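The values are calculated or read from the model by the stated rules, or taken from the named source; none is laboratory data. Since the model is a prediction, treat every value here as computed from it, not as a measurement. Here the Cβ positions follow ideal geometry from the backbone for every residue, glycine too, while neighbour counts run over all protein chains shown. The protein model used for the area step is the full one, side chains on, heavy atoms only, and it has no ligands, DNA or RNA in it. Shrake-Rupley method; radii C 1.70, N 1.55, O 1.52, S 1.80 Å.
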Amino acid sequence: MLKKLKPLSLLLFLALPLMLAGCSTPEVLDPKGPVASQQSDLIILSIIFMLTIVAVVFVLLTIILVKYRERKDHDKYSPELHGSMLLETIWTIIPIIIVVILAVPTVRTIYSLEEAPQPKTAEAANEDPLVVHATSINWKWVFTYPDEDIETVNYLHIPIHRPVEFKLTSADSMAALWIPSLGGQKYNMAGMQTTLYLQADHVGTYDGRNANFTGEGFNEQRFKVYADEEADYQQWVEDVQNSAPELTQYKYDNLLIPGVYEDGTAEFNGTHLQWIDHSKNADYTLEAWDRLGYEPKNPHAKDKSQNLLREDEIPYYQQDNTVDNSDEDMDSEEHAHAGHE
Amino acid sequence: MDLKWNEFIITGDPLILGAQISILLGGIAVVAALTYFKKWSWLWKEWLTSVDHKKLGIMYILSALLMLFRGGIDGLMIRTQLAKPGMEFLDPQHYNEVFSTHGVIMILFMAMPFLIGLINYIVPLQIGARDVAFPYLNNLSFWTFFVGMALFNISFIIGGSPDAGWTGYTPLATNEFSPGPGQNYYLLAIQIAGIGTLMTGINFFVTILKMRTKGMTLMKMSMFTWTSLITMLIIIFAFPVLTVALAMQTFDRLFGSVLFTLQGDGNPMLWVNLFWVWGHPEVYIVILPAFGIFSEIISTFARKQLFAYKAMVVSIVTISVLSFLVWVHHFFTMGNSAEANSFFSITTMAISIPTGVKIFNWLFTMYRGRITFTTPMLWSLAFIPNFVIGGVTGVMLAMAAADYQYHNTYFLVSHFHYVLISGTVFACFAGLIYWYPKMFGHKLNEKIGKWAFWIFVIGFNVCFFPQYFLGLDGMPRRISTYLPEDGWTGLNMISTIGAFMMGLAFLIFVYNIYYSWRYSPREKTGDAWGLGRNLEWATTSSIPPHYNFAVLPEVTGLDPYWDMKEKGLDQQKNTDYKPIHMPSNSSTPAIMSALMGMAAFGLVFQWYWVGIVGAVGIFITMIVRSFDYNDGYYVSVEEIKETEAKANK
Amino acid sequence: MAHDHNVNPNAPLEYQSEAGRLNITGFWTFLGAEIALFSTLFASYFALQSRVGDGPTSIEMFEAGLVMIMTMLLLTSSFTCGLAIHEMRANNVKGVIGWMIITLILGAGFIGYELYEFVHYVHEGVTLGTSAHWSMFFILLGTHGLHVSIGIGWIILLLIQLARRGLTPKTASKVFISSLYWHFLDVVWIFIFTCVYLMGMVN
């Protein structure tokens, strides 16, 4: 029987390097910015400890199985043995020590990720983080640059070496903004705002997506992050400001209809913040559905067509609905915390 | 609900049509067979209305095996869809339904009833009792579970399955984002089954506390009984949370309340919190009995007393307490304060300490033992390394700052499959094979069993080990397809191959049940393995008579049956029989549960009048029960003598 | 039950049979689960307390007088329920039935006032769908009210059985258990009174 047990453990040990050899470095362990690299360091540290524990248990198990399997002479058999204060103390204390060793950097990193990454150069120190509102809508992403007064759908440009302060919220379902190369995810929730700091240190194009299940189009809720040199980034902002069409409330409300964005990506002049900040008003999306005549349909309905109204059929869009969202109140963020303490 | 008549039965999908036809044919075949062999009355009187904990245990296990098949098919469909990028085997909506039902079925309708089935059969025997504290309630528990299960399972044929994940997160699960009956099925089916589980919790808690045989103090109980006791305690405190949470979401969907909705200032995060306040202890509800099963089997086939019994007891109690203090680790990424995330990181990591202690205790139970590699022992041995892999990745996930990168990915998927399959599923197989002779009077064939074991364990690793790397490479869970340029193709293909190996192993296991029923030699004694340590092996016949023990055994220490054998005492020599009082069968639980099913089915489609009629019916059955003063019956001394004499032949 | 009916004549009637003892332990365990259930409801209520949306706050709706009457009714019913058990110990069936009927009348009065309160709120425009706060208010109080109503129905059934069969170990354990249930609901109400009404009227 024992001969058969060995291949199993061998398989497990062999699988690891094989897999590492079989593919390139996994995205999470190939960080492109300071946030992702703090997390990657923590992960590698924990993997080392964990592999040690796995090795100890595997070796012990193998030894015990070999030595104490049933055989003709069982002179080592001692059925009365049923405890050892010393051993039990050892294997209680050692895990405690390991937990403590891992807890310290974990807690330190948790606190560190609450702040924008520390700038490396003196000139960078003078710059505030770039503020981008990332709003999740079933099933697309809207990125808002309030200072630049532009908005993009399903892609974003960021300058390298400068922290980006993502203000996350959702127009509907709970989503999670995740750009593995730049750092871990955080939830987007309607009626609330959460903050995620990320930063790219290398020029490149990175995959970003919604990581939290939101229904039928969840797959497609992806976006590209273009990390550019500062100058290129500024150029892009200018291009958008000069050439992109104006965002109207009707256009924006149409984005709120659940669906995959047909055109892939888009960019607009002006932001949706002039009408609505989803972190302050959770049911705006449902109101927009009503205005446009959208009705949620049973996924198994035979007829899933919608009869949406045209802009000129809706008096609401003929008036000015701009609201003042300029004041940065911290209410919603505190709300987010109050939920689970 | 605005449901058209032609949308009631799901049509248009060849896979579902296939299932519909096979269910129809299967149903006709069962009905025809029962009618032809005139077995209806036998089925009703001997099984469905039975209050015998042993028969209920078997019915639980059969239902669980059926659900393992259903949930397994779901799993294979998921893996087929993900085998290659851009597969069109399932469309996204269908995929969402399949993974949602896979999760619910595997946890609530497979793992729990399987373990509850084993607990039902074994624990009363291990504590030297003739039945549970509330046999009637036990039957009701089974039926509520069964009706909940049936209700949940018909959803994919009638009306459509839930599609918001097994976690049913709001606001996705609210009417606006999950229209249609699917999520109603989820809420009502789990509600009914959950009530049954709560009753089981109360029943076995009292049974173990109050009905132990003479001499069996708490610290002389078998480890399986201990883990069951603690599990029941967790059920008692965790399941009411689920009951409330489900009721609240049901109110949102059916009666217009605005608790978790976007409108009315609702708070979707509250659902997430409530779900995991139940959900995390739930994990320990399905893992602690598994620990108990492994403890029994390892100690039996190492022929040694469990190492550090007291430490084992302390560990499970510690785990049960900690299980209520870690729920936030399921959503570290919700924007919690750094203080909260740090606290829950540390409590979560702390769980690894008592768990680690248990692993070493199992290892040292075998130290200086005489290990025989029977199939149940192989499953238990495979548990140790695989569970350690699942456990250490659990510690990695507990580190909140790193979890931001693992959360919602295949790293997490792999982690919980490692702990739940190598913990719970291995334990279910191990326990079923180990106690099979106790239930059916013959063993399962060892050779076929070992084939199933090796194919399953290797397939399991082939399936899930690559998923750690997929997760680290940025593959999120619950996506229905991916692109070739994501670079996940190879590992996904390997994973799918592993999944089908597990499927094959399951078929071999089922074949083994048939093969062994035909060809395995029948056991002559109560101690089928010859190495039994606890009282379940002390019965006269392999399958215990309905009253379990003709004379209740007396216990002086741990491993009482081993002790008796060592001292040359023979339980069967004692023939000082007295009439035995036993409970009568009852048909009200089946009827009551059927009415619950009817009411819930009506509510799924918002036919409120069906709900009201069902509720009235339930109250009437309760009134009938209240006036029922049937006190059971006595088994006469003659009948005991006759039964015991037959058993000894 | 699968146990010997070893009767212990020195214990109170409801504890005399093994089945009676098990039922009482079982019911205490059930009350443990009920505590978890109501704790969850209270925790949810606290989590949603400030989420009134466009609807009114508690302070605008609550009426102290009404709540005081309801509280007095339920507290008194708990006392009369205790008297019923006292009579049971004295083996006086008529006393048990008499005090229990008074208990039920008080309980029914409580339910009557609660229904009146709910109807009143609905007339004022406050319903289940007004805001998360009010949804939770109705669900928390509704759960308690439903418990009381079920208790009334249950005890009526027990009184019929008591009238027919007199005091036996079995009927006694049933009545005793129903009294535990009744006292428990009273305790829950004290929490509702404090946490929902008093605190709601203060802030």
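Quick notes on this one:
- B:Leu34 vs. criteria open to solvent by 10 Å² or more (accessible area, probe 1.4 Å) and either in the same structural domain as B:Phe156 (by the TED database) or touching a Pro at 6+ places or on another chain (Cβ under 6 Å) (or both): no
- None of B:Phe331, B:Phe251, B:Phe291 is aromatic (Phe, Trp, Tyr) and closer than 27 Å to B:Gly611 by Cβ except B:Phe251.
- So C:Tyr121, is it under 17 Å from the mean Cα position of the chain (by Cα), surrounded by 15 or more Cβ atoms within 10 Å (Cβ to Cβ) and over 24 Å from C:Ile177 (Cα atoms): no
- Matching entry among B:Ser295, B:Ser257, B:Ser342, B:Ser299 (being assigned by the TED database to the domain that holds B:Leu172, among the hydroxyl-bearing types (Ser, Thr, Tyr) and surrounded by fewer than 23 Cβ atoms within 10 Å (Cβ to Cβ)): B:Ser342
- Members of region B:247-256 found to be at the interface with another protein chain (Cβ under 8 Å from one of its Cβ atoms) and more than 23 Å from A:Ala288 (Cβ to Cβ), listed by number: B:Ala247, B:Met248, B:Phe251, B:Phe255
- When residues in region A:62-84 are screened for being at negative phi, at the interface with chain B (Cβ under 9 Å from one of its Cβ atoms) and without any contact (Cβ under 8 Å) to a residue 40 or more places away in the chain, 14 of them pass.
- Those helices (runs of 4 or more DSSP H) lying entirely in region B:532-649 with at least 1 residues within 30 Å of B:Tyr309 (Cβ to Cβ): B:560-566
- Listed by first and then second residue, the pairs with beta-carbon distance under 6 Å, at least 6 apart or on different chains, first residue in region A:302-316 and over 9 Å from A:Leu292 (Cα atoms), second modelled with pLDDT of 90 or more, are A:Lys304/A:Lys297; A:Gln306/A:Tyr294; A:Tyr316/A:Arg291.
- Test: B:Ile580 is open to solvent by less than 80 Å² (accessible area, probe 1.4 Å) and of a type in the set (Val, Ile, Thr): yes
- Region C:51-91, subset polar (S, T, N, Q) and at pLDDT below 95, residue least open to solvent (accessible area, probe 1.4 Å): C:Ser58
- Residues of region B:113-144 satisfying the condition of being assigned to a helix (DSSP H, G or I) and open to solvent by 10 Å² or more (accessible area, probe 1.4 Å): B:Ile116, B:Tyr136, B:Leu137, B:Leu140, B:Trp143
- Selected residue (criterion: nearest to B:Leu137 (Cα to Cα)) from residues of region B:79-91 that are touching a helix residue (DSSP H, G or I) at 6+ places or on another chain (Cβ under 6 Å) and open to solvent by 20 Å² or more (accessible area, probe 1.4 Å): B:Phe89
- The test for being within 25 Å of the chain's Cα centre (by Cα), away from chain B (no Cβ under 14 Å) and of a type outside the set (Phe, Trp, Tyr) does not hold for A:Ala244.
- Residues of region A:184-199 that are crowded, with 24+ Cβ neighbours inside 10 Å and within 8 Å of chain B (Cβ to nearest Cβ): A:Gly184, A:Gln185, A:Lys186, A:Tyr187, A:Met189, A:Ala190, A:Gly191, A:Met192, A:Thr194.
- You will find that of B:Thr170, B:Thr213, the residue that is farther than 18 Å from B:Val604 by Cβ and within 14 Å of chain A (Cβ to nearest Cβ) is B:Thr170 and no other.
- Considering only residues in region B:621-644 that are open to solvent by 50 Å² or more (accessible area, probe 1.4 Å) and under 17 Å from B:Pro545 (Cα atoms), the one that is farthest from the chain's Cα centre (by Cα) turns out to be B:Glu638.
- Across region A:265-276, the number of residues qualifying as under 24 Å from the mean Cα position of the chain (by Cα) and open to solvent by 30 Å² or more (accessible area, probe 1.4 Å) comes to 2.
- Among all positions in region B:310-331, there is at least one residue which is over 28 Å from B:Leu229 (Cα atoms), assigned by the TED database to the domain that holds B:Ser222 and crowded, with 23+ Cβ neighbours inside 10 Å.
- Scanning region B:496-531 for residues that are free of Cβ contacts under 8 Å to residues at least 12 places away in the same chain, more than 22 Å from the chain's Cα centre (by Cα) and part of a helix (DSSP H, G or I) gives B:Tyr514, B:Arg518.
- Hits in region B:362-388 - residues which are more than 8 Å from chain A (Cβ to nearest Cβ) and not in a helix (DSSP H, G or I): B:Thr374
- Residue among B:Ile359, B:Ile346 that is assigned to a helix (DSSP H, G or I), facing chain A (nearest Cβ under 7 Å) and touching a Phe, Trp or Tyr at 6+ places or on another chain (Cβ under 8 Å): B:Ile359
- Residue list for region B:589-620, filter: among the polar types (S, T, N, Q) and open to solvent by 40 Å² or more (accessible area, probe 1.4 Å): B:Gln606
- Among the criteria (1) at pLDDT 95 or above; (2) closer than 19 Å to A:Ala176 by Cβ, the one B:Thr170 does not fulfil is (1).
- Some residue of region B:174-186 being within 14 Å of chain A (Cβ to nearest Cβ), touching a residue at least 12 places away in the same chain (Cβ under 8 Å), polar (S, T, N, Q) and surrounded by fewer than 22 Cβ atoms within 10 Å (Cβ to Cβ): yes
- The set of residues in region B:263-316 being among the charged types (D, E, K, R), over 23 Å from the mean Cα position of the chain (by Cα) and within 14 Å of chain C (Cβ to nearest Cβ) consists of B:Asp265 alone.
- Within region A:197-243, tally of residues that are of a type in the set (A, V, I, L, M) and part of a strand (DSSP E or B): 3
- Residue within region C:137-156 that is more than 30 Å from B:Arg253 (Cβ to Cβ) and part of a helix (DSSP H, G or I) present: yes
- When we screen A:Val107, A:Val131, A:Val142 for residues that are at the interface with another protein chain (Cβ under 8 Å from one of its Cβ atoms) and open to solvent by less than 60 Å² (accessible area, probe 1.4 Å), the only hit is A:Val107.
- For region C:158-195, residues that are open to solvent by less than 50 Å² (accessible area, probe 1.4 Å) and part of a helix (DSSP H, G or I) total 25.
- Cβ pairs under 6 Å, 6+ apart, first in region B:551-572 and farther than 11 Å from B:Lys214 by Cα, second among the basic types (Lys, Arg) and buried (at least 16 other Cβ atoms within 10 Å of the Cβ): B:Leu558/B:Lys220; B:Asp559/B:Arg533; B:Tyr561/B:Arg533; B:Trp562/B:Arg533
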